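Below is one structure, written out as structure tokens; comments come after it.
The values are calculated or read from the model by the stated rules, or taken from the named source; none is laboratory data. Source: prediction; values computed, not measured. For neighbour counting, all protein chains shown are included, and Cβ atoms are generated from backbone atoms with ideal geometry for every residue, glycine included. The protein model used for the area step is the full one, side chains on, heavy atoms only, and it has no ligands, DNA or RNA in it. Shrake-Rupley method; radii C 1.70, N 1.55, O 1.52, S 1.80 Å.
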2 protein chains.
Amino acid sequence: MVSVPLYQAKAEMFRTLGHPVRIRVLELLQDGPKPVRDLLAEIDVEASNLSQQLAVLRRAGIVTSFRDGALVMYMLSTPDVADLLAAGRRILGAVLTDRDGLLVELRAQGSTS
Amino acid sequence: MVSVPLYQAKAEMFRTLGHPVRIRVLELLQDGPKPVRDLLAEIDVEASNLSQQLAVLRRAGIVTSFRDGALVMYMLSTPDVADLLAAGRRILGAVLTDRDGLLVELRAQGSTS
DNA sequence: GGCCGAGTTGCGGTTTTCTTCAAGTCAGAA
DNA sequence: TTCTGACTTGAAGAAAACCGCAACTCGGCC
């Protein structure tokens, strides 16, 4: 709470998303709350590793967890996360088509060879 | 192109944004192309460091650069980046108010109590 | 040509993050 | 109570990211 520059908080948030397992988790949680068990079944990673990644998301406040009997459920803490993922998808699309068009590369390169 | 899973490409993109200097650069570039010189004047970081961060953004295809006389100009490679930053801002807001409002914690208890 | 401002690149040392393994908690079944 | 499935936590080595310094390229100017 002690004056964390805004752009640093933002950077931390994005860095939190910067991991394949964490991205997958968020995508799966878009459809609603899910127990760890289900995530584990779909993600192909060790249980302890998944748990660590979930902890990262939890600490960042992006997901919330609660216990339901023997299971632990996770859910997005805000639906805005879906927007972020969608925006990411769009950029990825834009960037990749640019690449295929390889106009960017040429302009950036100068005249070697 | 050797089958980079989509969610990994996404993760890389978010990780690319996960750095204070890079976030600042993108925010500054939202207003249009700028020479490195101007970025340097506003960001308070060593020239070489800024250059490294710009290289990271360039490699990810998020920004493009071109030379204008003695200056090197940078610009967003797609305006979609602005959406991403905006979505990030929203989530940050939601997460922070959630923290204060502690509603999530309550909901987290499920059917007990 | 020689010089200078504008950027970039390569190289190390330091700091973070990632990943696995082992051990521990918690809730329900036997 | 003991066992078992479902998760989490802690620790430690490996991998990756960061940062400053020095050296280098590229244009424009004298």
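Listed by chain and number, the lysines placed with their C-alpha closer than 26 angstrom to that of B:Lys34 are A:Lys10; residues fewer than eight positions away on the same chain are left out. With a 1.4 Å probe, what is the total accessible area buried between chains A and B, in Å² rounded to the nearest 100? That pair of chains buries around 3900 Å² in total.
With a simple spin-label model that places each label point 7 Å from the Cα along the Cα-to-Cβ direction, the separation between B:Val72 and B:Asp38 comes to 1.7 nm. When the residues B:Leu85, B:Leu6 are ordered by accessible surface, computed with a 1.4 Å probe over the protein chains alone, the sequence from largest down reads B:Leu6, B:Leu85.
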